[in-house]
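These notes concern the structure reproduced below.
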Amino acid sequence: MSVSGTVLTMDPNKIWVHFGKSKENVIRDINNIKYWIKSNNYFPEIPDDIMIQYFLTICNFSIERAKQCLDMYYAVRIVIPELYTNTSPTSSGMEAAYEQMHCCPLPDLTQNLERIIIAKMNDVEVDMFNVHKATALAYVNMFEVLMWEDLCLGKKVIIDFKSITINQALAMGPKDIRKVGFILEKVWNLHLKEFHFINVPTYAEKLVQICKVVLTKALGEKIFIHKSIEDVYKFIPREILPKEYGGTQKSLSELNDAWLKKLRQYKDRFAALENMDIINANRPEFGSNNLSEYYGNYMKIDVE
């Protein structure tokens, strides 16, 4: 799949060198996975080479792990349909979510070849906050397009809660957070290295603490709360940030507008995904469980 315009800078060669891979090695691994997919009769499509390369990268070029994540990329739509149905960036139901929230990757990688993402609630009046739409915006649509547009060695997210309202903070419950964890772990292989929360009002601190409790230890340990943006500079280079965060990039609003334009270029891909026939009956079991049981066991949480 090919769309016009570039909003992210990257160099696949640097990624391959990090893993000790040549272009020929990567092509061989891609073909290995393609052969495996064609040998199974439950995949709804033969993934593009770009997709397979992305999954190999986020799985540290473990072919077996990449297979698992690619399988779950499709299967997750069965178990969490509320995040994958009518959530395309161009659907009318998503307009309010994109009005209420900025969420975009920054153009430049860090020196460690990491991609920085910033999410910020906007100071606007929206009648109803839909937690499913907001989650789809940040963890479904964002990651779908990054798969086609980016290669990096990990992602770090800055979450700015300056304008979050009490109702928005209370809307996201433990199970909603757990769904995000399932997607980040089982589809995207924990490629998200750190969450950095800033400008957190007192009434939103509980939400962050719940995240630490209900997410698995591997994700909970990635969460940091900062009293100032200056503290974030210890983790993320200041110069690549938007200018309102002390960096030299364009404003967050300008960067978000460019990203929205890019998202809309993938209208046909999102339409194809929503109409895709995901065949579950022929899928092998996950350990001793089928897909629904596997997901159900993951979602079992006990929070005081």
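In this structure, the amide hydrogen of M101, modeled 1.01 Å from its nitrogen in the peptide plane, lies closer than 5 angstrom to those of N122, counting only residues at least 5 positions away or on a different chain. The GluC sites (Glu not before Pro) of the range 1-103 that DSSP puts in a loop, and whose beta carbon has at most 12 other beta carbons within 10 Å, are E45. Rolling a 1.4 Å probe over the protein heavy atoms gives the range 94-138 an accessible area of 43 Å² per residue. Filter the trypsin sites (Lys or Arg not before Pro) in the range 187-226 to those in DSSP coil with at most 10 other Cβ atoms within 10 Å of their Cβ, and list the result. Of the trypsin sites (Lys or Arg not before Pro), not one in the loops of the range 187-226 has a Cβ with at most 10 other Cβ atoms within 10 Å. Residue-wise HN-Hα couplings along the range 66-78, as the Karplus relation 6.51 cos²θ - 1.76 cosθ + 1.60 with θ = phi - 60° gives them from phi, are 4, 4, 4, 5, 4, 4, 5, 3, 8, 5, 4, 5, 7 Hz; Gly and Pro carry x.
By DSSP, the beta bridges lying fully in the chain are antiparallel in about 25 percent of cases.
The HN-Hα couplings worked out from phi for the range 45-61 by the Karplus form 6.51 cos²θ - 1.76 cosθ + 1.60 (θ = phi - 60°) are 7, 8, x, 5, 4, 4, 4, 5, 4, 5, 5, 4, 5, 6, 9, 6, 6 Hz, whole numbers, x standing for Gly and Pro.
In this structure, the amide hydrogen of F197, modeled 1.01 Å from its nitrogen in the peptide plane, lies closer than 5 angstrom to those of I159, F224, I225, H226, counting only residues at least 5 positions away or on a different chain.
For the range 69-224, report the % of Cα-Cα distances exceeding 20 Å. Don't skip to the answer; put the middle values down first.
On the way: 5927 of 12090 pairs.
The calculated P(r) of the range 69-224 puts 49 percent of pairs beyond 20 Å.
Phi angles across the range 245-255 convert, under the Karplus curve 6.51 cos²θ - 1.76 cosθ + 1.60 with θ = phi - 60°, into 3J(HN,Hα) values of 9, x, x, 10, 7, 4, 5, 4, 4, 5, 5 Hz, Gly and Pro given as x. Taking K and R as +1 and D and E as -1, what net charge do the other residues with C-beta under 14 Å from the C-beta of K250 add up to? Its environment carries a net charge of -3.
The values are calculated or read from the model by the stated rules, or taken from the named source; none is laboratory data. Computed from a predicted structure; not experimentally measured. Cβ coordinates were reconstructed from backbone atoms using ideal geometry, including for glycine residues, and neighbour counts include every protein chain displayed. Quick note on the areas: whole protein, heavy atoms, side chains included, nothing else; ligands and nucleic acids left out. Shrake-Rupley method; radii C 1.70, N 1.55, O 1.52, S 1.80 Å.
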